[in-house]
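Right, one structure below, let's go through it.
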Amino acid sequence: MMLYTEIVRRTQIYLEKDLDRRLRETAAAEGRSAAAVIREALRRYLSGGTATARDPILAMVGVFTGLPSDAAAEHDRDLYRSTARRSGRRR
């Protein structure tokens, strides 16, 4: 039986409070450990890759301009409002 400690090496890092909070929020949201998030980020950084290279949705961040400030919360309104009016359906 191979132990996890035989595959990886333990290390310690110091993080600012805000960075630590963001790390733990991300890990919780993704259902992963903070260590897994750090390993993934470090692999990406050392390979020169970015999150947008892996995720086409993230690649779209910042591409669209002129959207209402509440576009994320009210996307149905912005996507379907004009379609519903043209088809005669009420929303």
Single unsatisfied condition, T5 versus (1) assigned to a loop (DSSP other than H, G, I, E, B); (2) modelled with pLDDT under 75; (3) exposed (fewer than 11 other Cβ atoms within 10 Å of the Cβ): (1)
Count of residues meeting criterion [outside any helix (DSSP H, G or I) and at pLDDT below 90] in segment 33-58: 4
Residue within segment 71-83 that is surrounded by 12 or more Cβ atoms within 10 Å (Cβ to Cβ), aliphatic (A, V, I, L, M) and modelled with pLDDT of 80 or more present: yes
Flag if R22 is at pLDDT 80 or above and assigned to a loop (DSSP other than H, G, I, E, B): no
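The values are calculated or read from the model by the stated rules, or taken from the named source; none is laboratory data. All figures in this text were calculated on a predicted structure; none of them were measured in a lab. Please note: Cβ atoms are built from the backbone with ideal geometry, for glycine as well, and neighbour counts cover all protein chains shown.
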